[in-house]
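The block underneath contains the structure these notes are about, expressed in structure tokens.
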Amino acid sequence: MFEVNDQGSGQLELDMMGKIESMLEVRMSKMGNQLVWRQCKLGDIVSFQRGFDITQKDQQKGHYPVVSSSGIKSYHSEGKVKSPGVVIGRKGTLGTVFYLDIDFWPHDTTLWVKDFHDNYPLFISYFLKEFNFEFYDVGSSNPTLNRNHIHLLPAVIPPLPEQKAIAAVLSSLDDKIDLLHRQNATLEAMAETLFRQWFVEEAQADWEEKPLCEVAIVQNGYAFSSKNYVDYEERHLEVFKMGHIKPGGGLRFSPKSDYVPRERKLEKWILNKNDIVMAMTDMKDNMGILAHPALIDESDKYVLNQRVARIYVEKDSELISNYLLYLFLKNEDSINFLQSQSNSGVQVNLSTESIKSFPLLIPPRELQQKVLNIVGPVMTKINQNSSQIQTLTKLRDNLLPKLMSGEVRVKLNEAGQ
């Protein structure tokens, strides 16, 4: 029914790494590039303009993205600015950078690049990510950027051919990351469709129902405080917070992270690969993460924070597999049910007891195995893709400052420039 193409994802990753390495060369001295690169002010490179106000009520259905300080929030029938474009957060969320390859409407909470001064727009979108714009907040209560202030920031920029070559390297990584994300979305939809067909639409009346706590272990996290956090070292544990779960479920890659030293008292909260985690707190007007599950991708990396639930099936359990339990919890009906059990208020909270009492239908073991034979390879491929995404994301994030400083240079002739 479903076929998973697994043509050496590890080889694809190696091919990608080799391609990138062939385009780069390391310059041990940064002084050499400053004879070629131009020193100037940010305002000499780009001119920012404040975005345009538009309310939700004034928007008409269309395909032009309305870009706020936190990204694309809606679509409108009119695009105010021609593509390609670059937008940064001006109010609320400062300095986040968005590249647009279709016409768009920059919201009043943003600044958009009105004039690129003959620089390459895609390069500029990466270039601006190296500025810590949040340090230039001039707001009293709500964080705010003043374009006149940031226009004065010192900057060093390469000539146009090198801009295009740098953008080609970074965008090739982003394109591969995007492809893997889209492939995972397709694979997840396949698994969910199969699951819903066999375990929801064709569920039998004689299937046994059990509360989740009789099927799996449900555990709340440890109450860390900011004084527990330390600077990153390889041996430290990353604190798994609600921000590690993306809207709609699944792991968020490269979230803002805190770390703690390994201590014996934390051992019971260290997460294992394929543990299910679930956010227990959200905002009432959104609920984008409340009760949405994610699967842990790596053992001995994270330690569980409070307000995140850990759910896992013990290895000797004969009731259900961890993968199928994840698909049960990921099912829209399950999420809606759990969200309905949360308390009311501006901030909504889901209790550990509500999760433990979640009613679960247990299909016959033979049917579970039949579905697992199909779903298992799909989930394995998703995990492989996720691992590649993390590797490529780290490579891109490590390359970005080195390319922008000139520590690593692009071989123009091999980059097709």
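How much length is gained if the chain between Ile72 and His181 is pulled fully straight, taking 0.36 nm per residue apart and subtracting their Cα-Cα distance, in nm to one decimal? Kindly include the intermediate steps, with their values, before the conclusion.
On the way: separation 109, 0.36 × 109 = 39.24 nm, distance 1.78 nm.
Length difference between fully extended and current span is 37.5 nm.
Please go through the residue pairs Lys246/Lys268; Lys80/Lys411; Lys80/Lys284; Lys265/Lys370 and name each one whose alpha carbons sit more than 30 Å apart in this structure.
Working: Lys246/Lys268 24 Å; Lys80/Lys411 37 Å; Lys80/Lys284 32 Å; Lys265/Lys370 41 Å.
Listed pairs above 30 Å: Lys80/Lys411; Lys80/Lys284; Lys265/Lys370.
For Cα pairs less than 8 Å apart in space and 6+ apart in sequence, what is the mean separation divided by the residue count of the chain, i.e. the relative contact order in percent?
Working: 715 pairs, mean separation 80.2, N = 417.
About 19 percent, as a whole number.
Given a Förster distance of 30 Å, report the FRET efficiency between Leu361 and Lys273 from their Cβ-Cβ distance, rounded to the nearest 0.05. Write out the running numbers ahead of the final one.
Numbers: r = 26 Å, r/R0 = 0.87.
It comes to 0.70.
Would the range 242-315 count as rounded, prolate or oblate if I go by the C-alpha gyration tensor, calling it rounded below 1.5 in a/c and otherwise prolate when a/b exceeds b/c, oblate otherwise?
Working: a/c = 1.84, a/b = 1.51, b/c = 1.22.
It comes out prolate by the Cα gyration axes.
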How far apart, in nm, are the 7 Å Cα→Cβ label points at Lys256 and Val230?
2.3 nm
DSSP beta bridges in the range 208-362, what fraction antiparallel, as a percent rounded to 5?
80 percent
For the range 38-157, what's the relative contact order in percent, using C-alpha pairs closer than 8 Å and at least 6 residues apart?
34 percent
Please give, to one decimal in nm, the separation of the simple spin-label points placed at Gln204 and Glu353, each 7 Å out from Cα toward the Cβ.
3.5 nm
If packing is taken as the average number of other Cβ atoms within 10 Å across a peptide's residues, how do 46-56, 107-117 rank, most packed first?
107-117, 46-56
Simple spin-label estimate for Met283 and Thr193 in nanometres, 7 Å along Cα-Cβ
3.5 nm
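With runs of 4+ DSSP H residues as the only contributors, calculate the mean residue ellipticity of the chain at 222 nm using -39,500 (n - 2.57) per run, divided by the residue total and rounded to the nearest 500. Kindly include the intermediate steps, with their values, before the conclusion.
Working: 9 runs with 130 residues, N = 417.
Mean residue ellipticity at 222 nm (helix-derived): -10000 deg cm²/dmol.
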Using the count of nearby Cβ atoms within 10 Å as a rough guide to exposure, how do Val303, Val36 rank from fewest to most?
Val36, Val303
Expected output is a single nm value to one decimal: the length gained when fully extending between Lys114 and Ser83, i.e. 0.36 nm times separation in residues minus the C-alpha distance. What is it?
10.1 nm
Of (1) 74, 49, 47; (2) 67, 64, 44; (3) 62, 56, 43, which is the value of Cα extents along the principal axes in Å derived from the coordinates here?
(1)
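Going by average Cβ neighbours within 10 Å, how do the peptides 322-328, 376-382 rank, with the highest at the top? The partial results should precede the final answer.
Details: 322-328: 22.4, 376-382: 18.1.
Ranking, from highest mean packing down: 322-328, 376-382.
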With an 8 Å Cα cut-off and a minimum separation of 6 or more residues, compute the relative contact order for the range 208-362 in percent.
34 percent
Starting from the Cα of Lys315, move 7 Å in the Cα-to-Cβ direction to define the label point; list residues of the range 243-284 whose amide nitrogen is under 15 Å from there.
272-275
Expressed to two decimals, the range 38-157 has a Cα Rg over Rh, using the Kirkwood radius, of 0.97
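We did not get these values from a lab; they are worked out from the coordinates using the rules stated. Given the structure is predicted, the values throughout are model-derived calculations rather than measurements. Neighbour counts run over all protein chains shown; Cβ positions are idealised from the backbone, glycine included.
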